[in-house]
1. Do me a favour and compute the ellipsoid semi-axes for segment 46-89 from its Cα gyration tensor, root of five times each eigenvalue, largest one first, whole Å.
2. About its Cα centre, how strong a charge dipole does segment 118-192 have in debye, to the nearest 20, once Lys and Arg get +1 and Asp and Glu get -1 at the Cβ?
3. Karplus couplings for segment 157-164 from phi (6.51 cos²θ - 1.76 cosθ + 1.60, θ = phi - 60°), rounded to Hz, Gly and Pro as x?
4. Among Asn128, Ile114, Ser51, whose Cα lies farthest out toward the positive end of the dipole of segment 10-158, if unit charges sit on the beta carbon of Lys, Arg (+1) and Asp, Glu (-1)?
5. Which of the GluC sites (Glu not before Pro) found in segment 223-274 are loop residues per DSSP with 10 or fewer other Cβ atoms within 10 Å of their Cβ?
6. Distance from the Cα centre of segment 241-313 to that of segment 44-100, in angstrom?
7. Rounded, prolate or oblate for segment 254-313? Axes are the square roots of the Cα gyration tensor eigenvalues, ordered a ≥ b ≥ c, and the cut-off for rounded is a/c under 1.5.
8. Using +1 at the Cβ of each Lys and Arg and -1 at the Cβ of each Asp and Glu in the chain, identify which of Leu242, Ile284, Gly90 lies farthest towards the dipole's positive end.
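The values are calculated or read from the model by the stated rules, or taken from the named source; none is laboratory data. Remember, predicted model here, so these are calculated numbers, not experimental data. Here the Cβ positions follow ideal geometry from the backbone for every residue, glycine too, while neighbour counts run over all protein chains shown. What goes into the accessible areas is simple: the full protein's heavy atoms, side chains included, and nothing from ligands, DNA or RNA. Shrake-Rupley method; radii C 1.70, N 1.55, O 1.52, S 1.80 Å.
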Amino acid sequence: MTITQLQYVLAVAEHKNFTLAAEKCFVTQPTLSMQIQKIEDELGILIFDRSKKPIQLTEIGQKIVNQAKNIVNEADRIQDIVDQQKGFVGGEFRLGIIPTIMPTLLPMFLNNFIKKYPKVKLVIEELNTEDIIFKLNNGHLDAAIAATPLNEEKIKEIVLYFEPFVAYIPEGHNHFNKKEIEISDLNLDEILLLQDGHCFRDNVLNLCKRSDNAEAARFQLESGSFETLIKLADEGLGTTLLPYLHTLDLKESDKVKLRHFNEPKPAREVSLIYPKNELKIHIIDALRSTIAGVVKGAIVFQNVQIVSPKPVK
């Protein structure tokens, strides 16, 4: 069997469809089917149960796919070893970034990185944490930037920085005149939230407690945009929490509505995450070094309390 044949097996296992897998592998469907049939004939087993729709792995097929992932990854490491030996930092690198980090962090480091490493072709995707974990585990991303800890068995995490939460309190609110606020000042029933799927939403839900005697909400809104939440807060419809870096670009008239928390400040941990097989580790190191260089002057908080980005069940 060949590495290419194993790649075809992995494609079908992922997409559960021979035609779609062939498209993703840039071969014809008959070619892909024939190569997979050759492996099955060689091993004397069936990897896929073709009678089911969508196509399913057989019990032995699942074990073969798990091993095939290891073999394909180790084969890819050969080129990485050669590149590192030559000191070459280049090639395509697929990076995922969660939506609440992308707009603030990416402009801070992207220009520096592409100037310093012009031979690296960064392919950047904005993805939620769940999609990032899936793509990292299935070899569709080389690394990602996300809120941690995620405690994923097959993923390593390198902490880049700690980013405190900052409250946005509109004028007229009973906490507006406070210089700093406590976590106990937060009432989940009046906080405007990002929509489901954002780990920052889970950060806030894990941080705040719902009031025992809260009145029924006048409305329910979950937005994908911090800007929308800020505008609604300004209309007197509630308060919201923002990541620290997001507050740096606010208008001066909006910055007066920001309230920092007393120490230890509730914060999220932002990390560079990647598969434990450490493919393209030389590019990962270059990315980590570049980001560390630009954020150290913008965000330096140590006395913080990390709030989990995962939903509490």
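1. 35, 10, 5
2. Dipole size: approximately 500 debye.
3. 10, 10, 5, 9, 6, 10, 10, x
4. Value computed over the given set: Ile114.
5. Sparse-neighbourhood loop GluC sites (Glu not before Pro): Glu235.
6. What the calculation gives is 30 Å, centre to centre.
7. oblate
8. It is Gly90, whose Cα lies furthest towards the positive end.
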